[in-house]
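Reviewing the structure listed below.
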Amino acid sequence: MAFLMNQMLGSKLKSFADGGGEGGSKAGADGKETAESKGMSREEFEEYQKQLVEEKIQRDKDFTTKKAERANLRVALRDKYRLPDSALDGAMIQMAGDDVDLPEELAKMVDEDEEEEETSNSFLNKLQNMDLDELKTKAQSRVSELRQTAEDKCVLM
């Protein structure tokens, strides 16, 4: 707790004691922050720097995971609508470790859409599942049957 209080109020109290902080910052010669410029002891400053690095690593990890989840969703939608795959999405999923799942809410949405498509017997759904070669042979045989029947019944043909 003392660390946080020192962190939040230390620089303001020092600038007040120095006459309004007109001396400028106490950063090192190379422009980097030092323990003295932050108003901390060396151990506190090292702990602070370590905490900053850990937080940055965690943010980067979370960001990569979110990007991989989005890529995973795009892959699922491309599979669903039979669109071409994207190499970027595959690379993003691999970069995150291949164990990325869709968020639960998005997975529910995709599942509900699939269930709706399975239950609906729409014309387009039937058309996609039809065998065109079989349809062509049936049509040709039906036309030849009709022609044969017409020739049998009609004297002019």
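In the range 35-50, the residues that are within 10 Å of Q7 (Cα to Cα) never reach a residue that is at pLDDT 80 or above and polar (S, T, N, Q) with C-beta atoms less than 9 angstrom apart, at least six apart or across chains.
Listed by position, the helices (runs of 4 or more DSSP H) enclosed by the range 74-157 that each have at least 2 residues that are β-branched (V, I, T) and modelled with pLDDT of 80 or more are 132-153.
Can you give me the number of residues within the range 51-75 that are basic (K, R), closer than 23 Å to K108 by Cα and without any contact (Cβ under 8 Å) to a residue 24 or more places away in the chain?
Keep residues of the range 51-75 that are basic (K, R), which gives 56, 59, 61, 66-67, 70, 74.
Filter once more, keeping what is closer than 23 Å to K108 by Cα: 66-67, 70, 74.
From what's left, without any contact (Cβ under 8 Å) to a residue 24 or more places away in the chain: 66, 70, 74.
Summing the residues that are basic (K, R), closer than 23 Å to K108 by Cα and without any contact (Cβ under 8 Å) to a residue 24 or more places away in the chain in the range 51-75 gives 3.
The values are calculated or read from the model by the stated rules, or taken from the named source; none is laboratory data. Source: prediction; values computed, not measured. In this analysis, Cβ positions are derived from the backbone assuming ideal geometry, glycine residues included, and neighbour counts consider all displayed protein chains.
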